[in-house]
Amino acid sequence: MGIDVTGVLKEEHQLILRMIALVDANVGLMERGQFRNWQFYLDAVDFIRNYADRFHHAKEEDVLFVELVRNGMPEKNSPVEAMHIEHEQGRAFVRGMEEAVEKVMAGETGQIQLIAKNARGYVELLRGHIDKEDTILYPLAERVLPENVRSGMLTGYSAAEKQMPGLEEKYRRLVEKYEK
Ligand SMILES: [Fe+2]
Ligand SMILES: [Fe+2]
């Protein structure tokens, strides 16, 4: 094995898992009436949309998955398709969470259960998703992707990073702030 093309993605999973752990813990507190910081959920939605989705999932969808398909993985009925579907399911949970939080902030009642349902749905989905990528899809990619596409993939990743300068630092700080 030569150039590693999944290590950077695995590292990003670690920050995503830290945000997910915060969501999980705060939902539990919220259900016991001990957490009413609605802004946290909006910040979590912002993190998920920009860091997890626009940044991390874009690297997967625009670079890694594309190379896997170019190198023989079918686009349909395949691990790549399954991962795409889970990214979409995640987006739906995030929309549901955001809508319920906006309602509660506008004074509507009965939203706690909806926040919890969507937040937990996202937490469970993403934990399973990240586990599958870390233990199945990424090791498979490292086995099957030829050496001559790998440096181009890293260039593709850094193009995504350059489009959003300072993003990684910003969201790392956000996670650290809520972990305190
Ligand atoms: Fe993914
Ligand atoms: Fe991922």
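Tabulated data for the structure shown
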read-out	value
Residues located in the range 129-168, provided they are away from ligand 2 (no atom under 16 Å from the Cβ), open to solvent by 50 Å² or more (accessible area, probe 1.4 Å) and among the polar types (S, T, N, Q)	Asn148, Ser151, Thr155, Gln163
Sole residue being in a helix (DSSP H, G or I), modelled with pLDDT under 95 and open to solvent by 60 Å² or more (accessible area, probe 1.4 Å), chosen from Arg54, Arg49	Arg54
The range 25-45, subset open to solvent by 50 Å² or more (accessible area, probe 1.4 Å) and part of a helix (DSSP H, G or I), residue nearest to ligand 2 (Cβ to nearest atom)	Ala25
Pairs, first touching a residue at least 40 places away in the same chain (Cβ under 8 Å) and of a type outside the set (Gly, Ala, Ser) in the range 82-94, second in a helix (DSSP H, G or I) and away from ligand 2 (no atom under 14 Å from the Cβ), C-beta under 6 Å, six or more apart	Val94/Val45
Near pairs, Cβ below 6 angstrom, 6+ apart or cross-chain, from the range 47-63 (closer than 19 Å to Val80 by Cβ) to any residue that is within 12 Å of ligand 1 (Cβ to nearest atom)	Ala52/Ile16; His56/Glu12; His57/His87
Flag for Phe65 being open to solvent by less than 60 Å² (accessible area, probe 1.4 Å) and at pLDDT below 95	no
Test: residue in the range 64-77 that is closer than 14 Å to Val123 by Cα, within 14 Å of ligand 2 (Cβ to nearest atom) and assigned to a helix (DSSP H, G or I)	no
Residue within the range 97-108 that is within 13 Å of ligand 1 (Cβ to nearest atom) and acidic (Asp, Glu) present	no
Residue pairs meeting the criteria (Cβ under 8 Å; at least 6 apart or on separate chains; first free of Cβ contacts under 8 Å to residues at least 24 places away in the same chain and of a type in the set (Lys, Arg), in the range 98-114; second part of a loop (DSSP other than H, G, I, E, B) and open to solvent by less than 50 Å² (accessible area, probe 1.4 Å))	Lys103/Gln111
Qualifying positions in the range 68-78 - surrounded by 14 or more Cβ atoms within 10 Å (Cβ to Cβ) and either out of contact with any helix residue (DSSP H, G or I) (no Cβ under 7 Å at 6 or more places or on another chain) or over 11 Å from Ala141 (Cα atoms) (or both)	Ser78
The listed residue being hydroxyl-bearing (Ser, Thr, Tyr), open to solvent by less than 20 Å² (accessible area, probe 1.4 Å), within 30 Å of Gly33 (Cβ to Cβ) and away from ligand 1 (no atom under 16 Å from the Cβ), out of Tyr178, Tyr171	Tyr171
Hits in the range 169-180 - residues which are in a helix (DSSP H, G or I) and of a type outside the set (Val, Ile, Thr)	Glu169, Lys170, Tyr171, Arg172, Arg173, Leu174, Glu176, Lys177, Tyr178, Glu179
Residues of the range 85-100 satisfying the condition of being open to solvent by less than 80 Å² (accessible area, probe 1.4 Å) and under 17 Å from Ala52 (Cβ atoms)	Glu86, His87, Gly90, Arg91, Ala92, Phe93, Val94, Gly96, Met97, Glu98
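The values are calculated or read from the model by the stated rules, or taken from the named source; none is laboratory data. Owing to the predicted nature of the structure, the values given are computational and were not obtained by experimental measurement. No Cβ is skipped: glycine too gets one built from the backbone with ideal geometry, and neighbour counts run over all protein chains shown. We work out accessible area using only protein heavy atoms, side chains counted, and drop any ligands, DNA or RNA first. Shrake-Rupley method; radii C 1.70, N 1.55, O 1.52, S 1.80 Å.
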